[in-house]
Amino acid sequence: MTTVVNDVSLQVATVNGSGSQSANMVLLRAIFQMGVPVSGKNLFPSNIAGLPTWYTIRASKDGWVGRKKEIDVLVAMNAESAKEDVASLRPGSAVVYDEPLALSSVRSDVAFYPVPFDKVVHPISSEAKTKKLLRNMAYVGVVAQLLELEMAEVERAIGKHFAKKAKALELNLAAARAGFDFAKAQLKKTDPFVVRRMDATRGKIIIDGNSAAALGAMFGGVTVVTWYPITPSSSLVESLISYMGRYRIGPDGKATYAIVQAEDELAAIGMVMGAGWAGARAMTATAGPGISLMSEFAGLGYFAEVPAVIWDVQRVGPSTGLPTRTSQGDVLSTAFLSHGDTRHLLLLPATVEECFQFGWEAFEYAEHFQTPVFVLSDLDIGMNNWMAEPFRYPDRPIHRGKVLSKEDLDRLGGFERYRDVDGDGIGYRTLPGTDHPAAAYFARGTGHNEKAQYSERSDDWERNLARLERKVHNARTALPAPVLQGEGAEVGIIAYGSSHHAMLEAREQLRSEKKLDVDYLRVRAYPFHDDVEAFVKNHARVYVVEQNRDGQLAGLLKLDLTAELVPRLRSVAHIPGLPLDARSVTEEVAAREGR
Amino acid sequence: MADAKTNRIGLTLADYQGGKSTLCAGCGHNAISERLLNTMFELGIQPERVAKLSGIGCSSKSPAYFMSRAHSFNTVHGRMPSVATGALLANRTLIALGVSGDGDTASIGIGQFVHLVRRNLPLVYVIEDNGVYGLTKGQFSATADVGSKLKTGVVNELPPIDTCLLAIELGATFVGRSFSGDKRQLSAMLKAAVSHRGTAVLDVISPCVAFNDHEGSTKSFAYTKDHDEPLHELSFVPVFEDIGVEYNAGTTVDVRLHDGSHLQLHKLEESYDPRQKLQAVQRILEAQVRGEVLTGVLYVDPAAPTFLDRLGMVETPLATLPANEVRPPRTALDEVMRSLG
Ligand SMILES: Cc1ncc(C[n+]2csc(CCOP(=O)(O)OP(=O)(O)O)c2C)c(N)n1
Ligand code: SF4
Ligand SMILES: [Mg+2]
């Protein structure tokens, strides 16, 4: 048996509400602290307690952080799912399981490690509830011993996690040690998976995309935040609440912001509209059902030209769908959210670094273009923990766009809100409260002329819509440009958002296993940059990889590309409700390329 | 007008004018616009400090017809409250005036209305109440009375939503009902509402001459005039004229408003004190039974904290805070990054 070093996918199967999160975070951190690239994915039900939940930790010397389909080591703590979980493993995998589950008879081609968790933690606490929690930390100790994790790093991770709770710290340390000691004394390792110290995580951080987005917004100078709780976006605002409470309170104890929990998403976006109109940097965060509710206001924002930032942390729809599963299913509907000829700016972050960067940049785009900007993250980026480079402080000062002050108006004598003075489609605006008799204008969702006066005239309507089209079209060169990897291949792949992580790995699998070189273009914004069309021009066949059923981004591309390029597109769309994995992409592209 | 009268800040009535109304001649909404314009003029409020907000409907169009020197946002149907909330979050120094209709408020917008009132957002919320959807040509709204008849002969059978009763129950701190045809009462009420700090809900019966002013309608001019039951006579003493107000405590209730001005209610009904919530609710319910259009200031609580007071915000409008106050320094990011490593 050859040892497999730093290439292992570990899955912990528990029931939700059992308190296993801390244990999983400790495992993740311990591996990270050993310098080994690692990622964690929580696969949880839309439920508070009692249903199966799986947490997957992947350690990868090559730095792959996308989901890996195959599980190498299973920790089976949940009676309900255990048999099925074990049955789905590949031969040669390993199973740590709670002894009473008696799993060893299920099959003979995997390594079984029975652990009597209740007995292991019994000496530490006699209290039933505490014991239940400590079982989790005991599996950490067992896994640490089996995978040869450095126990010192496990203990350091526990210390970090329970830094503010001395009693819990002591109990958890004891439980982890008890698990470790049990494994050492009682289990004989027969699987090949080990983790050994590397130096690939130095200087990095671990964070989830929602917290990163919150930080981005805070450093973007957000002043008004409104929300209505919905998975998977709630934690974005919840972390914003905690960061803002820390860093955005003035010396007099007063907040330089307002965060309001609205009565629903209609109100949340309505408040953002009012605040954006009145000059605040305003945002809201939501997910599919909320985005649907925001539709009418989205059109008002587009047409009355109100800056706004809306985070959509995508989950699986239609309807309530799978609330705790990830997708890229809102791309098409959000691009055109609302009735009539509405078209929005979309930002498509793929990493936590981009959640931070787009988090502040979104306000720059919204205020510059005077329009709602939708940032389409997803559950996988937003709620899972990712390794990242420390975030870079904004490299540009805050620009509020074309806002006329009292002094400007003194100089100009007046202004016309929707006149295209500069030829870029963007008019000048004023803020309510500006102390000048010519400052006011009448914002409205009804037809209007350049002076913002009500108008039903065809020429006013057509001129206005043409200007709006120009404005949004112009944005394509200002928004984050696509990122190209590779050159000269016959086959191209386009992907975006969280699909990126599987794509990186798939590209390598295609090269090494299938002898197929592909160039890869990662799209980061809509409307599409000109480089996107150039990329399609340069490739005979272009696969568009995404996480929805209908190939939504491929659809958007088809609308934009010149007709002769459209047949080059091929949609690779997957929506299993789980983060995209490289293997699925590799096999599908290879098959369609005859490899 | 060479010697046009000026108000205390030196502006003339012309400085408060708006665009030409496109509503039907004789529409109650026009009379309310006129009263709003006069109120702002007489109180000497700088138009630039005012933000007008509305939903959709004939009523919601009316902000275009007064005070063009104030910013205005004609939003979407029934959602003015949220937009007003956002505008005030961005700039807490604005004097917010919400104009809505009975359809805009009591049907599609009831949810947002409820929550705005619950928050006691500082704004004057005028419901121009005609019992119908004017702009969509005369369907019943949720404030139509039982038995009221449309021109087509259709009779309303569902009980009306009493927006005043609802507002009192939900925590509005100034609640009044008036009539577009009662200049005096409406003027005093509007002035007091503008001087109040908190949500001021004014349900103003505003007959729709095109669709709901006929015999059989309970929101017509004639019906409202006949059934108008004023609780008191109102007078308003602005803060800049307050030189020791004298009144007879036996026949007048004096309410000192947030800005120091006084609302005086000269009792027509003995013992009605608009600071007593229970009494207000009881009196409104009685009026419903008796078929009265009970007008006047029904409830007032001048001291309750508003939503903006509760948020612990800086005094400066958030909208215009300088960059260095809204973007934390590099050291803050470094600190967070260290905690995540
Ligand atoms: C979402 C939506 N649904 C329906 C309409 C059509 N609509 C416009 S105004 C209106 C009713 C307005 O009634 P009210 O608020 O009482 O105003 P009034 O015209 O009577 O002053 C309706 C239903 C709309 N504009 N938006
Ligand atoms: S239809 Fe009725 S509410 Fe509308 S403007 Fe005419 S009279 Fe007024
Ligand atoms: Mg109406």
Can you name the condition, by its number, that B:T85 falls short on among (1) within 11 Å of ligand 1 (Cβ to nearest atom); (2) under 28 Å from B:P238 (Cβ atoms)? (1)
Which members of the stretch B:303-324 meet the condition of being outside any loop (DSSP other than H, G, I, E, B) and either at the interface with another protein chain (Cβ under 7 Å from one of its Cβ atoms) or surrounded by 12 or more Cβ atoms within 10 Å (Cβ to Cβ) (or both)? B:F307, B:L308, B:D309, B:M313, B:L318, B:A319, B:T320, B:A323
Inside the stretch B:164-187, can you point out the residues that are farther than 25 Å from B:Q264 by Cβ and either away from chain A (no Cβ under 14 Å) or within 12 Å of ligand 3 (Cβ to nearest atom) (or both)? B:L166, B:E169
Kindly establish whether A:G427 is more than 8 Å from chain B (Cβ to nearest Cβ), assigned to a loop (DSSP other than H, G, I, E, B) and of a type outside the set (D, E, K, R). yes
Scan the stretch B:235-287 residue by residue and report those that are among the aliphatic types (A, V, I, L, M) and not in a loop (DSSP other than H, G, I, E, B). B:V237, B:V239, B:V253, B:V255, B:L263, B:L265, B:L278, B:A280, B:V281, B:I284, B:L285, B:A287
Would you call A:V373 under 22 Å from A:V306 (Cβ atoms), in a strand (DSSP E or B) and aliphatic (A, V, I, L, M)? yes
Taking the stretch B:202-260 and keeping residues of a type in the set (S, T, N, Q) and out of contact with any strand residue (DSSP E or B) (no Cβ under 7 Å at 6 or more places or on another chain) leaves B:T218, B:S220, B:N248
Quickly run through the stretch B:126-142 and pick out the residues that are aromatic (F, W, Y) and more than 13 Å from ligand 2 (Cβ to nearest atom). B:F140
Exactly one condition in (1) more than 15 Å from ligand 1 (Cβ to nearest atom); (2) at pLDDT 95 or above is false for B:T152; which is it? (2)
Search the stretch A:236-255 for residues being free of Cβ contacts under 8 Å to residues at least 12 places away in the same chain and within 22 Å of B:L308 (Cβ to Cβ), and hand back the single one that is surrounded by the most Cβ atoms within 10 Å (Cβ to Cβ). A:A255
I want to confirm something. Restricting to the stretch B:117-139 and keeping residues that are more than 10 Å from ligand 1 (Cβ to nearest atom) and in a strand (DSSP E or B), which single residue is farthest from the other protein chains (Cβ to nearest Cβ)? B:V126
So for the stretch A:145-161 (the condition being closer than 17 Å to A:T14 by Cα and either assigned by TED's automatic domain parsing to the domain that holds A:Y55 or not β-branched (V, I, T) (or both)), does at least one residue qualify? no
Yes or no: the stretch B:143-163 includes at least one residue that is within 16 Å of ligand 2 (Cβ to nearest atom) and within 19 Å of the chain's Cα centre (by Cα). yes
Where in the stretch B:1-116 are the helices (runs of 4 or more DSSP H), entirely inside, with at least 2 residues that are more than 16 Å from ligand 2 (Cβ to nearest atom) and more than 9 Å from chain A (Cβ to nearest Cβ)? B:28-43
Among the residues of the stretch B:325-341, what is the count of those that are within 7 Å of another protein chain (Cβ to nearest Cβ) and not in a helix (DSSP H, G or I)? 3
Kindly state which strands (runs of 3 or more DSSP E) lie completely within the stretch A:230-345 and contain at least 3 residues that are within 11 Å of chain B (Cβ to nearest Cβ) and over 17 Å from A:L376 (Cβ atoms). A:258-261
When residues of the stretch A:48-95 are limited to those that are among the aromatic types (F, W, Y) and in a strand (DSSP E or B), the one nearest to the chain's Cα centre (by Cα): A:Y55
What are the pairs, 6+ residues apart or on separate chains, where a residue within the stretch A:448-462 that is closer than 14 Å to B:A64 by Cβ has its Cβ under 7 Å from a residue that is surrounded by 14 or more Cβ atoms within 10 Å (Cβ to Cβ) and of a type in the set (S, T, Y)? A:H448/A:Y418; A:H448/A:Y454; A:H448/A:S455; A:N449/A:S455; A:A452/A:Y418; A:A452/A:Y441; A:Y454/A:T446
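The values are calculated or read from the model by the stated rules, or taken from the named source; none is laboratory data. What you see is a predicted model, and the numbers here were worked out from it, not measured in a lab. Because the Cβ atoms are built from the backbone with ideal geometry, glycine has one as well, and the counts that use them run over all protein chains shown.
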